[in-house]
Amino acid sequence: MSVLIPAKPFAYPLDPGRTALVVIDMQRDFVEPGGFGAALGNDVTRLQAIVPAVAALLALFRKKGWPVIHTRESHLPDLSDCPPAKRGRGKPSLRIGDMGPMGRILVRGEPGNAIVRELAPVAGEVVIDKPGKGMFYRTDAAERLAALGITHLVFAGVTTEVCVQTSMREANDRGFECLLVEEATESYFPEFKAATLAMIAAQGAIVGWTTGLGELSAALD
Ligand code: C5J
């Protein structure tokens, strides 16, 4: 039976046996100084501020014993999965694959590509390395979720309007019921976060729902 979570634009029908948490790209590359986000000229402290909220959400799902999926935006060391169009954009000072203070930028296995310590995956949790912004592009996310019988996805992570929104749109197109937790997602640009939250829930949940961490926790306790 569904649990109704107070949400925008209307209550989200969470199915306890079929729900997974997806934490998008809470990796050092985006959240800590010296990574990809900082190399692009962004203030990473905005993203650091949501770590406690994401940790609380993780604790809630772990307590329930519900599946947790982490993603990392990352490329193979030979960059064969990084289109020149992607590598060529941004600031020329530090591009994907270049050596930075935390190893090679956005490259799999480098220190900067690790999920931040406070949110590190625990045994049994799925980690998906994705070369694109969306979690389904060139990954086995669809097969992994199908194997777990998942139909409902609760989203957190960074950045709201890039990898979180792209992943939610991909999931929505694949038939998943998607909920984004407002305090557990952030952008380098507050106006982009606000616009993304609004457009997700607009037009009768055209992409999905949004809710507060307090609302979700209270409804599940
Ligand atoms: C970006 C992401 N912003 N995880 N990646 O390049 O949102």
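The values are calculated or read from the model by the stated rules, or taken from the named source; none is laboratory data. Predicted, not measured: the structure shown is a model, and the values here were computed from it. Every residue, glycine among them, receives a Cβ derived from its backbone with ideal geometry; neighbour counts consider all protein chains shown.
With (1) surrounded by 15 or more Cβ atoms within 10 Å (Cβ to Cβ); (2) over 29 Å from residue 194 (Cβ atoms); (3) hydrophobic (A, V, I, L, M, F, W, C) as the list, and residue 155 as the residue in question, which single condition is left unmet?
For residue 155, the failing item is (2).
Residues being away from the ligand (no atom under 12 Å from the Cβ) and under 19 Å from the mean Cα position of the chain (by Cα): count how many of those fall in the range 39-52.
Residues in the range 39-52 being away from the ligand (no atom under 12 Å from the Cβ) and under 19 Å from the mean Cα position of the chain (by Cα): 8 in total.
A quick yes/no check of all residues on (1) surrounded by fewer than 20 Cβ atoms within 10 Å (Cβ to Cβ); (2) touching a Pro at 6+ places or on another chain (Cβ under 6 Å); (3) over 21 Å from residue 142 (Cα atoms):
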residue	(1), (2), (3)
1	yes, no, yes
9	yes, no, yes
23	no, no, no
26	no, no, no
35	no, no, yes
39	no, no, yes
51	yes, no, yes
70	no, yes, no
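Quick one: which of 117, 144, 138 is over 20 Å from residue 56 (Cβ atoms) and more than 16 Å from the ligand (Cβ to nearest atom)? First the steps, then the outcome.
Values: 117 fails: over 20 Å from residue 56 (Cβ atoms); 138 fails: more than 16 Å from the ligand (Cβ to nearest atom).
Residue meeting the stated conditions: 144.
Evaluate the following for residue 72: is it within 23 Å of residue 168 (Cβ to Cβ), modelled with pLDDT under 95 and within 14 Å of the ligand (Cβ to nearest atom)?
Details: within 23 Å of residue 168 (Cβ to Cβ): yes; modelled with pLDDT under 95: no; within 14 Å of the ligand (Cβ to nearest atom): yes.
No: the conditions fail for residue 72.
Out of all the residues in the range 130-144, is one or more outside any loop (DSSP other than H, G, I, E, B) and touching a Leu at 6+ places or on another chain (Cβ under 9 Å)?
Of all residues in the range 130-144, those outside any loop (DSSP other than H, G, I, E, B) come to 130, 141-144.
Next, from what is left, pick out any that are touching a Leu at 6+ places or on another chain (Cβ under 9 Å): none.
No: the range 130-144 contains no residue that is outside any loop (DSSP other than H, G, I, E, B) and touching a Leu at 6+ places or on another chain (Cβ under 9 Å).
Would you check which residues across the range 72-103 are exposed (fewer than 15 other Cβ atoms within 10 Å of the Cβ) and in contact with a Lys or Arg (Cβ under 9 Å, 6 or more places away or on another chain) and list them?
Selection gives 76, 77, 88, 89.
Please go through the range 16-36 and pick out each residue that is of a type outside the set (D, E, K, R), within 12 Å of the ligand (Cβ to nearest atom) and within 15 Å of the chain's Cα centre (by Cα). Write out each step before concluding.
First pass over the range 16-36, keeping only residues of a type outside the set (D, E, K, R): 16-17, 19-24, 26-27, 30-31, 33-36.
Still in the running and within 12 Å of the ligand (Cβ to nearest atom): 23-24, 26-27, 30-31, 35-36.
Scanning the range 16-36 gives 23, 24, 26, 27, 30, 31.
Hey, can you tell me all the residues within the range 184-213 that are touching a Ser or Thr at 6+ places or on another chain (Cβ under 7 Å) and under 21 Å from residue 56 (Cα atoms)? Don't jump to the end; show me each part of the working.
Kept after step one, since they are touching a Ser or Thr at 6+ places or on another chain (Cβ under 7 Å), are these residues of the range 184-213: 185-188, 192-193, 196-197, 200-201.
Scanning the range 184-213 gives 185, 186, 187, 193, 197.
Out of (1) away from the ligand (no atom under 13 Å from the Cβ); (2) within 17 Å of residue 171 (Cα to Cα), the odd one out for residue 78 is which?
It is condition (2) that residue 78 fails.
Can you report the number of residues in the range 162-191 which are surrounded by fewer than 21 Cβ atoms within 10 Å (Cβ to Cβ), within 12 Å of the ligand (Cβ to nearest atom) and under 19 Å from residue 51 (Cα atoms)?
Count: 2.
Which ones in the range 147-161 are of a type in the set (Val, Ile, Thr) and away from the ligand (no atom under 16 Å from the Cβ)?
Start the filter on the range 147-161 by keeping residues that are of a type in the set (Val, Ile, Thr), which leaves 150-151, 154, 158-160.
Residues satisfying the conditions are 150, 151, 154.
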